[in-house]
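J.: Before I ask anything, let me first share the structure, which is written out below as structure tokens.
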There are 2 protein chains.
Amino acid sequence: MKVKVLILPKKGLLEPEGRAVREMLRDEGFSVREVRVGKVVELEVEEGTDVRAIAEKYLVNPLVEEYVIE
Amino acid sequence: MKVKVLILPKKGLLEPEGRAVREMLRDEGFSVREVRVGKVVELEVEEGTDVRAIAEKYLVNPLVEEYVIE
């Protein structure tokens with residue numbers, strides 16, 4: 001099965017890349033309230049694999065990141 | 001509205017970060033067929049914003065990346 005783990009910096013954290021994208025888009029005339037830039041990890045694993053365990057143990061830093069599995 | 005642009009390296013491209021994650025997970029005993037590591041850009045924009053245009057013009061390199069909007 002294919003699953004995606006979406007990892008984003010927690011809201012409110014200083015996030016330079018997101019801020020840079022936001023400013024650039026505003027300069028280009030888009031009305032952008034907020035931008036966060038994070039990582040997506042697409043995994044092709046066997047049915048039944050504990051993707052949550054993989055995410056929490058190896059992929060996500062819970063101090064500064066939040067994640068969702070899709 | 002909030003939208004996410006998921007950007008992944010095209011399949012078949014040499015993708016060192018994905019390969020590293022795959023090998024690490026295999027070493028840890030997980031049965032992982034493939035891993036791709038990409039970016040997720042979460043945008044908070046006004047209703048009706050042409051997110052596809054933003055993605056294609058500013059966020060995605062179509063030579064080496066593919067994307068989906070969620």
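The values are calculated or read from the model by the stated rules, or taken from the named source; none is laboratory data. Keep in mind it's a predicted model, so treat the numbers as computed, not measured. Cβ: placed from backbone, ideal geometry, glycine included. Neighbour counts: every protein chain shown. These area figures cover heavy atoms from the full protein model, side chains too; ligands, DNA and RNA do not enter into them. Shrake-Rupley method; radii C 1.70, N 1.55, O 1.52, S 1.80 Å.
J.: Between chain A and the range B:15-70, how many Å separate their Cα centres?
T.: One Cα centre to the other: 10 Å.
J.: Using only Cα atoms, tell me the angle between helix A:16-27 and the longest principal axis of chain A; keep it within 0 to 90° and round to the nearest 10.
T.: Approximately 40 degrees, to the nearest 10.
J.: At a probe of 1.4 Å, how much accessible area disappears from chains B and A on forming the pair, both sides counted, to the nearest 100 Å²?
T.: Counting both chains, the buried surface is close to 2800 Å².
J.: Hey, another quick one. Taking every residue in B:44-52, how many Cβ atoms of other protein chains lie within 10 Å of its Cβ, on average?
T.: Mean partner-chain Cβ count within 10 Å for B:44-52: 3.
J.: Would you pull out the residues with amide H under 5 Å of residue B:30's amide H, same chain only if 5 or more places away, H placed 1.01 Å from N?
T.: none
J.: When chain B is modelled as a GNM with alpha-carbon springs shorter than 10 Å, which of B:33, B:22, B:52 fluctuates the most?
T.: Among B:33, B:22, B:52, the largest mean-square fluctuation in the Gaussian network model of chain B belongs to B:33.
J.: Rounded to the nearest 0.05, what FRET efficiency is calculated for residue B:58 and residue B:1 with R0 set to 22 Å and r the Cβ-Cβ distance?
T.: 0.75
J.: Whole number please: convex hull volume per residue, Cα atoms of chain A, in Å³.
T.: 93
J.: Full-extension gain between residue B:13 and residue B:28, please, as 0.36 nm times their residue separation minus the C-alpha to C-alpha distance.
T.: Here the answer is 2.9 nm.
J.: Hey, another quick one. How long are the semi-axes of the ellipsoid equivalent to the protein assembly as shown, from square roots of 5 times the Cα gyration tensor eigenvalues, in whole Å, largest first?
T.: Rounded to whole Å, the semi-axes are 28, 17, 12.
J.: With n ≥ 4 as the cut-off for DSSP H runs, can you work out [θ] at 222 nm for the protein assembly as shown, using -39500 (n - 2.57) per run divided by the number of residues, rounded to the nearest 500?
T.: So the helix-based figure for the protein assembly as shown works out to -6000 deg cm²/dmol.
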